[in-house]
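Following: one structure in structure tokens, then a few remarks.
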Amino acid sequence: MKRLVPVLLLLGACGVSEEKFYEQYAEKACTLTMECSADESTGFFFDSQEECESFFALALSLGTGGCDYDKKAAKDCLNALDDATCDSSGDVDSACAEVYTGDECGMSGGDTGWDSGR
């Protein structure tokens, strides 16, 4: 077991695959969006978590053509979403700014689709 712990720690530090990022980002962003949209200031209005997740996953998949994907930055972005509150969207935006980069990338600079409007 002692030998397994360093391997598990190393694997956890590697980042997240792009497919998993789409799924987890959509889930986490929508959980926060649904929670924060109660006061209708987010600009996003969805009837359900599922509708929201479909929207975010589609937006990410369509907006990332020509982008370079950074697995480590994606993990940092997801961690920021875990810690986010309705008042901390700027923290999420800056944490997610390096997930997709490149000259031909429509999502570079942290345009990950979630902005609380605050």
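Residue-level check: of (1) at pLDDT below 90; (2) closer than 19 Å to Lys20 by Cβ, Asn79 misses just (1).
Of the numbered criteria (1) touching a residue at least 12 places away in the same chain (Cβ under 8 Å); (2) of a type in the set (D, E, K, R); (3) farther than 18 Å from Val16 by Cα, the one Lys72 fails is (3).
Within this structure, Glu50 passes the test of being of a type outside the set (Ser, Thr, Tyr), modelled with pLDDT of 90 or more and either over 21 Å from Tyr100 (Cα atoms) or assigned to a loop (DSSP other than H, G, I, E, B) (or both).
For region 22-34, does any single residue satisfy the condition of being in contact with a helix residue (DSSP H, G or I) (Cβ under 7 Å, 6 or more places away or on another chain), within 28 Å of Asp103 (Cα to Cα), of a type in the set (A, V, I, L, M, F, W, C) and at pLDDT below 80? Scanning region 22-34, I find no residue that is in contact with a helix residue (DSSP H, G or I) (Cβ under 7 Å, 6 or more places away or on another chain), within 28 Å of Asp103 (Cα to Cα), of a type in the set (A, V, I, L, M, F, W, C) and at pLDDT below 80, so the answer is no.
The values are calculated or read from the model by the stated rules, or taken from the named source; none is laboratory data. Note that the structure is a prediction, hence the values are computed from the model and not measured. We place every Cβ from the backbone using ideal geometry, glycine too, and count neighbours over all the protein chains shown.
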